[in-house]
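Enquirer: Pasting in a structure now, in structure tokens, and then I'll have a few things to ask.
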Amino acid sequence: MKEAGVICGIYYPIPCHRAAYVLELGIEADLPVTDAAAATSMSLPMYPGLTEAEQGQVIAALRASVGRHALTAGERRP
């Protein structure tokens, strides 16, 4: 994505139940789905001022990235 000029972020790298302030309260939870979601999520550029051309750039970069990773994981392209 970065190579295509699309900057992505990770807004919540630490799940809420693992945040320091939650742990300091003595609240502990085993939430494997939440942990997995935090470990595999990214945020795409999305805001009201995003032009149609920029939207197209994000979509094209995402499709190319997913396609490359699917091929390396042994999956077939649609």
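Enquirer: For region 17-52, which residues satisfy the criterion of being among the aliphatic types (A, V, I, L, M), open to solvent by 80 Å² or more (accessible area, probe 1.4 Å) and in a helix (DSSP H, G or I)?
Expert: Leu23, Val33, Ala39, listed by residue number.
Enquirer: Within region 53-76, which residues are part of a helix (DSSP H, G or I) and modelled with pLDDT under 90?
Expert: Selection gives Ser65, Val66, Gly67, Arg68, His69, Ala70, Leu71, Thr72.
The values are calculated or read from the model by the stated rules, or taken from the named source; none is laboratory data. Remember, predicted model here, so these are calculated numbers, not experimental data. Side chains are part of the model used for accessible areas, which takes the heavy atoms of the whole protein and leaves out ligands, DNA and RNA. Shrake-Rupley method; radii C 1.70, N 1.55, O 1.52, S 1.80 Å.
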